[in-house]
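Visitor: Pasting in a structure now, in structure tokens, and then I'll have a few things to ask.
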């Protein structure tokens, strides 16, 4: 799916701004054939939860109705018109002038619908019914229930994840135009040999056309290669590769000529290779070491809504610390963030919203724990989001690996049967053949985990000395080292990457002893982990949890959210930021274990 941009043949109209919002409650069902009754004013994009002040609004479960009006310039009426949503969390029904025009399930990927024949002259009314309900058929998953209180049905969701269930129209809503014959998609792949790159550009076209011309430009806007046809082959004689923290982006210009018009699209691409070879992760044939973060799309006021100033600040803070990578935990991030990561040279692990597919998540059972894969009904949603994520992000140089899931119950029987076809699907969708991983939880231990032979990289989330051996750094160190030795003895010949490890820390809380939640304990915690990491050459990186404190549902284990951030939610550093900076600036992007 192509990101909407203005070109010589295309125009983009942004419908973001202040919309009307109305909550659907028992007794006040909304009818999209009629304009919404006077409701709240909310900003789009953005989570509705943090823009309104009433508690029952912030925690509303069910349907949330959005509405706005718009007109289009008369000179665009003869073009093909497409309505596009960057994301709606978690599902959407879209009405134009009272008529249902499209539906979408999944809160973190874009969807669009042609509206050429349904838009009318003058003012148009756009209505979106958003649902924030999640259950064992959706991604992410949650336990959905209803109960009758004082004669009214109350809907409840218990999330299988530790972040707030923000909802709404989270990313931009845009109208864009194309000619009647148009470029539907472009897929770029390449092979690099020495200083030469062979670039394959596949163009997908709707409508009758006469010719396809592909031109490749460098960053100085100089033409470096040309090709013809829907499957064009271009050669770059002196290629400059996209490198971590040293990005270089070419532009692929695709021109499709039709009998009465021409469609033009400009696609930025970085040329770089990714490969897993033995226990090394190679970028441009060099052993790469991941330094960085798990993070969230989570900021004050915006909630999970697009916040481009925060995206820019976050990457600048990361760069200042010597970080080179992040994971889109636990859902695909905005296209704007992916384009920024391309431009800034950040390496990204792209993850689906399949977080904590585990029937035992935060649940106490009287009897035997149920088998997750007998309970979950997420196969259809999982296949859909993998297709949409790879389709959207396949051309991004920043994306070096696909994460199919975070912390699923891969120690339960049936995990292999669930994940093997999903991993095969992911590989089949990607024209660049990137590595594929699953991020494993604390119960995915050597001898118990059932899927590790299916993935290219073993990604571990570990919380020794926090959730286990709490505050006992010596015991945690021993447990961590013992586990890694056990993995080492299995001789998997695969790279291992730590994708989460961390300790909740309250800014300004100090102690001379190693007391949890203090800034000193957080420093000592990370020092212990890094000491162990450096003993094992098959470890190819460290992504701490988390970049910044983030909002969660309420609970006795959370005080205004998860405090594992290296920065607080306002992006102010804790002590640990300076210790990580000192370590990471002294770790090269490439050949770390080879140079020690």
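Visitor: Which distance in nm do the two modelled labels at residue 527 and residue 193 give, with both placed 7 Å along the Cα-to-Cβ direction?
Guide: Taking the simple label geometry, residue 527 and residue 193 are separated by 5.3 nm.
Visitor: If neighbour count is taken as other Cβ atoms inside 10 Å, put 328, 352 in order from fewest to most.
Guide: Fewest-to-most ranking of 328, 352: 328, 352.
Visitor: Quick check: residue separation of residue 41 and residue 313 times 0.36 nm, minus the Cα distance between them. What number comes out in nm?
Guide: Going from the current span to full extension adds 95.1 nm.
Visitor: Quick one: Cα centre-to-centre distance for the range 166-194 and the range 297-334, in angstrom?
Guide: 21 Å
Visitor: Still on this structure: Grab the beta carbon distance between residue 123 and residue 33, set R0 = 22 Å, and tell me the FRET efficiency rounded to 0.05.
Guide: 0.90
Visitor: Moving to a separate point now. In nanometres, what is the gap between the two model label sites at residue 76 and residue 514, each 7 Å from Cα along Cα-to-Cβ?
Guide: Roughly 6.0 nm, to one decimal.
Visitor: Provide the FRET efficiency to the nearest 0.05 for the residue 99-residue 55 pair, computing r from the beta carbons and using R0 = 30 Å.
Guide: Efficiency computed from Cβ-Cβ geometry: 0.25.
Visitor: Also, quick follow-up: Along the Cα-to-Cβ line of residue 490, 7 Å from the Cα, sits a label point; which residues in the range 457-473 have backbone N less than 16 Å from it?
Guide: Once the point is set 7 Å along Cα→Cβ of residue 490, 457-462 turn out to lie under 16 Å by backbone N, inside the range 457-473.
Visitor: Given Cα pairs under 8 Å that are at least 6 residues apart, what percent is the relative contact order of the range 182-269?
Guide: 30 percent
Visitor: Once the mean 1/r over all distinct Cα pairs of the chain is inverted, what Kirkwood radius in angstroms do you read off?
Guide: 25.4 Å
Visitor: While we're looking at this one, here's another question. Want the number for residue 211 to residue 228: 0.36 nm per residue separation, take away the alpha-carbon distance, what's left?
Guide: 5.3 nm
Visitor: Compute the relative contact order of the range 221-361 as a whole-number percentage, counting only Cα pairs closer than 8 Å that sit 6 or more residues apart in sequence.
Guide: About 20 percent, as a whole number.
Visitor: Give me 78, 534, 263 ranked fewest to most by other Cβ atoms within 10 Å of their Cβ, as a rough exposure proxy.
Guide: Fewest-to-most Cβ neighbours within 10 Å comes out as 78, 534, 263.
Visitor: Any idea how far apart residue 154 and residue 219 come out in nm if each label point goes 7 Å out from Cα toward Cβ?
Guide: Placing both labels 7 Å along Cα→Cβ, they lie 5.7 nm apart.
Visitor: Which residues does the label zone of residue 275 cover in the range 442-477, counting backbone N under 19 Å from a point 7 Å along Cα→Cβ?
Guide: 456-458
Visitor: At 222 nm, what value in deg cm²/dmol follows for the chain if DSSP H runs of at least 4 each add -39500 (n - 2.57) and the sum is divided by all its residues, to the nearest 500?
Guide: Mean residue ellipticity, 222 nm, calculated: -5500 deg cm²/dmol.
Visitor: What's the center-to-center distance, using Cα atoms, between the range 462-488 and the range 520-588 in Å?
Guide: Answer, in whole Å: 16.
Visitor: Sort the following peptides by mean Cβ neighbour count (other Cβ atoms within 10 Å, averaged over residues), highest first: 314-320, 235-241.
Guide: Sorting 314-320, 235-241 by mean packing, highest first, produces 314-320, 235-241.
Visitor: With 10 angstrom as the radius, rank 539, 566, 18, 72 by how many other C-beta atoms surround their C-beta, starting from the fewest.
Guide: 18, 72, 539, 566
Visitor: Throw me the Rg/Rh for the range 285-595, computed over C-alpha atoms with Kirkwood Rh, two decimals.
Guide: 0.94
All of the numbers you see were taken from the coordinates with simple rules; none came from a lab. Keep in mind that what you see is a predicted model, and the values were worked out from it rather than measured. Counting neighbours? That spans all protein chains shown, and the Cβs are built from the backbone with ideal geometry, glycine included.
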